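Worksheet for the structure shown next.
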Amino acid sequence: MAAAATAPARRVRTSFRYAEPKSKSAAPARTDPRTRRAPARRPGAQLIPIAVGTATAVRQLPDSSLIVRMTRGRAWIAVLGVLLVGIVALNVVTLSVTAIQGHVEANLLALDQENPFLRSREAQVSSAVRVRHDAAVLGLIAATADGPTSIDATPRDAAIAAQRLAAAASGY
């Protein structure tokens, strides 16, 4: 009798088997009762155990011995102080981000006001009348609609062009 009382209880192992849908195709029958098909997983099924575990932990938090000892002692004052310092730091960061945003908006407004002035100045500089005038000063003439004509270039013209390019490059 003593041996029976001290022996550990045997665990009975049960296996589950899901019923397979009957189909007309010939599927091999399972012969091993220990094998089973895993149920199909839903996309959000993995989040549910995490949420249940988190909810259980939060629900048991006020009853934990650490929280009970902390709220009855002086440590509670330190925890509240740290939390208040964190809140103040968060407010300071928020205010500094808001101030930076105000400066950025002021710069954007100034640039928006400057854009029309710059566009009108660019239009004056690149207007067709000014381009024709500057071309005439350089001795250039506008192309005619009669058709393109060819110009005969001499080696002297190439030397002059090379000198002009060198002079223009040294001016920068």
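Size descriptors for the stretch 42-172 (Cα atoms only): Rg and Dmax, in that order, 38.0, 104 Å.
Name the residue from Ser127, Ala110, Leu138 whose Cα lies farthest towards the positive end of the charge dipole of the stretch 102-141, charges +1 on Cβ of Lys and Arg and -1 on Cβ of Asp and Glu. Farthest towards the positive end: Leu138. When only alpha carbons of the stretch 111-166 are considered, Rg and Dmax amount to 17.8, 53 Å.
Taking other C-beta atoms within 10 angstrom as a stand-in for reagent exposure, Ser65, Ser120 fall in the order Ser65, Ser120, fewest first. Computed 3J(HN,Hα) for the stretch 120-127, one whole-Hz value per residue from the Karplus formula 6.51 cos²θ - 1.76 cosθ + 1.60 where θ = phi - 60°, is 5, 5, 5, 5, 5, 5, 9, 6, glycine and proline marked x. Basic side chains Lys and Arg get +1 at the Cβ, acidic Asp and Glu get -1 at the Cβ, and with that the dipole of the stretch 88-154 about its Cα centre reaches some 120 debye.
Coordinate-derived values only; no laboratory data. Here the structure is a predicted model, which is why all the values come from computation and not from measurement. Ideal geometry is used to build each Cβ from the backbone, glycine not excepted, and the neighbour counts take in all protein chains shown.
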